[in-house]
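The structure appears below as structure tokens.
The values are calculated or read from the model by the stated rules, or taken from the named source; none is laboratory data. Everything quoted here is computed from the prediction, not taken from an experiment. Cβ atoms come from the backbone with ideal geometry, glycine included; neighbour counts cover every protein chain shown. Calculation scope for accessible area: heavy atoms of the full protein, side chains included, ligands and nucleic acids excluded. Shrake-Rupley method; radii C 1.70, N 1.55, O 1.52, S 1.80 Å.
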Amino acid sequence: MIICFDIGGSGIKAARAKSPAELAPLGRVPTPLDDFDAFVAAIRSVADAAGAPQGTPIAISITGVVDPATQIITVANIPCADGRRLGPELTAALGRPVFVANDADCFALAEAIEGAGRGHRIVFGAILGTGVGGGIVIDRRIVNGAGGFAGEWGHGPVAATSAGNPPVDIPHIACGCGQVGCVDTIGAARGMERLHKHLHGIELPSTAIVEAWLAGDTRAARTIEVQIDLLAGPLALVINVVGAGIVPVGGGLGKVPEFIARLDTAVRQRILRRLDQPLVVPSRLTVEPGLVGAAILGVTENAA
């Protein structure tokens, strides 16, 4: 049995897992942001309520980057955990083995084992939600690399300065990571909103832009065209480099099959491998992929 958690800046979700496919929800509690003792207590209370024997492993999917060499986590939206050796500290405090991984990595692991990546040796899980993220799974294990940054295709000054047909100039925008011109600034939901305002001078939420596009609105269609052009090149490069056999997409835009189909077509036109079947696909695990990924992480790491 594994006690698995999916921890974000607003809430902690938990489940008891007999296997990754058998999750029994344990509810949701608010995430303590500024008090580490309260953070530990919240996890302890849920784990104790699970009724699992002492020593039962805990696996955590969390927003933030975990350095595999030091186990130090960088997690800006949970200040009390930021900069800590979270796994070892929780293990000592709770008296249970605790395994911690980035939420995008857990998403990729869940899709590789239980979702769209089944049967594929190399899976790149792409997140197109509020921002752009990703994770790499090879031979059923997360590849997190030096510093824990493997799969973070949303960052680095690589965004094009011209996109669409006819081309339009795209400004390089400052990113929260400290760089300028990251894919994260023009990809996914916030990027779509920035592009729509840049192209048309209109502020709309991404949901409204997508709805207008699907209804045939020409301005929304132009925004989608430009965004697809901006996303397809960087994603194609990632696929060429890691050799992914499938790319499940999570996040809000992963739930828009028309958008993913357009992105898939554009990506397959830009990669070296020639394919006549979809490569970039919607994620299959639409219910609690973070918990599923955490459960797989716990089973894998506990057996190592």
Quiz prompt | Subset of the stretch 134-149 that is open to solvent by less than 50 Å² (accessible area, probe 1.4 Å) and without any contact (Cβ under 8 Å) to a residue 60 or more places away in the chain - its residue that is nearest to residue 107 (Cα to Cα) | solution = 135
Quiz item: Say we look at the stretch 91-117 and pick out the residues that are under 21 Å from the mean Cα position of the chain (by Cα) and assigned to a loop (DSSP other than H, G, I, E, B); which of these is surrounded by the fewest Cβ atoms within 10 Å (Cβ to Cβ)?
Solution: 116
Practice problem: Look at residue 16 and say whether it is more than 19 Å from the chain's Cα centre (by Cα) and either aliphatic (A, V, I, L, M) or under 25 Å from residue 127 (Cβ atoms) (or both). | Solution: no
Self-check item: So residue 253, is it surrounded by 18 or more Cβ atoms within 10 Å (Cβ to Cβ), of a type outside the set (D, E, K, R), closer than 30 Å to residue 60 by Cα and touching an Asp or Glu at 6+ places or on another chain (Cβ under 7 Å)
Solution: no
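Might you let me know whether the stretch 199-220 holds any residue that is touching a strand residue (DSSP E or B) at 6+ places or on another chain (Cβ under 8 Å) and touching a residue at least 12 places away in the same chain (Cβ under 8 Å)? Quick ask: steps written out before the conclusion?
Within the stretch 199-220, the first condition is being touching a strand residue (DSSP E or B) at 6+ places or on another chain (Cβ under 8 Å), and the residues that meet it are 199.
After this cut, where a residue has to be touching a residue at least 12 places away in the same chain (Cβ under 8 Å) as well, the list is 199.
Taking every residue of the stretch 199-220 in turn, at least one turns out to be touching a strand residue (DSSP E or B) at 6+ places or on another chain (Cβ under 8 Å) and touching a residue at least 12 places away in the same chain (Cβ under 8 Å).
Residue by residue, here is whether (1) in contact with a Gly (Cβ under 8 Å, 6 or more places away or on another chain); (2) within 23 Å of residue 115 (Cβ to Cβ); (3) surrounded by fewer than 16 Cβ atoms within 10 Å (Cβ to Cβ) holds:
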residue	(1), (2), (3)
205	no, no, yes
235	no, yes, no
263	no, yes, no
275	no, yes, yes
281	no, yes, no
285	yes, yes, no
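Residue 40 - would you say it is surrounded by 14 or more Cβ atoms within 10 Å (Cβ to Cβ), in contact with a helix residue (DSSP H, G or I) (Cβ under 6 Å, 6 or more places away or on another chain) and farther than 23 Å from residue 115 by Cα? Full working, then the answer.
Numbers: surrounded by 14 or more Cβ atoms within 10 Å (Cβ to Cβ): yes; in contact with a helix residue (DSSP H, G or I) (Cβ under 6 Å, 6 or more places away or on another chain): yes; farther than 23 Å from residue 115 by Cα: yes.
So residue 40 fits the description; yes.
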Practice problem: State all residues of the stretch 61-82 that are open to solvent by less than 50 Å² (accessible area, probe 1.4 Å) and free of Cβ contacts under 8 Å to residues at least 40 places away in the same chain; if no residue qualifies, say none. | Solution: 64, 73, 75
Quiz item: Has the stretch 2-10 got at least one residue that is aliphatic (A, V, I, L, M) and either free of Cβ contacts under 8 Å to residues at least 40 places away in the same chain or in contact with an Asp or Glu (Cβ under 7 Å, 6 or more places away or on another chain) (or both)?
Solution: no
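Let's see how each residue does on (1) part of a helix (DSSP H, G or I); (2) under 24 Å from residue 193 (Cβ atoms); (3) in contact with a helix residue (DSSP H, G or I) (Cβ under 8 Å, 6 or more places away or on another chain):
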position: 208; (1), (2), (3): yes, yes, no
position: 222; (1), (2), (3): yes, yes, yes
position: 226; (1), (2), (3): yes, yes, yes
position: 230; (1), (2), (3): yes, yes, yes
position: 234; (1), (2), (3): yes, yes, yes
position: 240; (1), (2), (3): yes, no, no
position: 262; (1), (2), (3): yes, yes, yes
position: 267; (1), (2), (3): yes, yes, yes
position: 270; (1), (2), (3): no, no, yes
Quiz item: Just one of 53, 88 is modelled with pLDDT of 95 or more, open to solvent by 20 Å² or more (accessible area, probe 1.4 Å) and either in contact with a Ser or Thr (Cβ under 6 Å, 6 or more places away or on another chain) or outside any strand (DSSP E or B) (or both); which is it?
Solution: 88
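One residue is enough: does the stretch 179-193 have a residue meeting the conditions surrounded by fewer than 14 Cβ atoms within 10 Å (Cβ to Cβ) and in contact with a Gly (Cβ under 7 Å, 6 or more places away or on another chain)? It would help to see each step written out before you state the result.
Here is the first cut: in the stretch 179-193, the ones surrounded by fewer than 14 Cβ atoms within 10 Å (Cβ to Cβ) are 180.
If we keep only those that are in contact with a Gly (Cβ under 7 Å, 6 or more places away or on another chain) as well, we get none.
No, the stretch 179-193 contains no residue that is surrounded by fewer than 14 Cβ atoms within 10 Å (Cβ to Cβ) and in contact with a Gly (Cβ under 7 Å, 6 or more places away or on another chain).
For the stretch 151-169, indicate whether the set of residues that are assigned to a helix (DSSP H, G or I), open to solvent by 30 Å² or more (accessible area, probe 1.4 Å) and not small (Gly, Ala, Ser) is non-empty. So that I can check it myself, show each step before the final result.
Taking the stretch 151-169 first, the residues assigned to a helix (DSSP H, G or I) are none.
For the stretch 151-169, residues assigned to a helix (DSSP H, G or I), open to solvent by 30 Å² or more (accessible area, probe 1.4 Å) and not small (Gly, Ala, Ser): absent.
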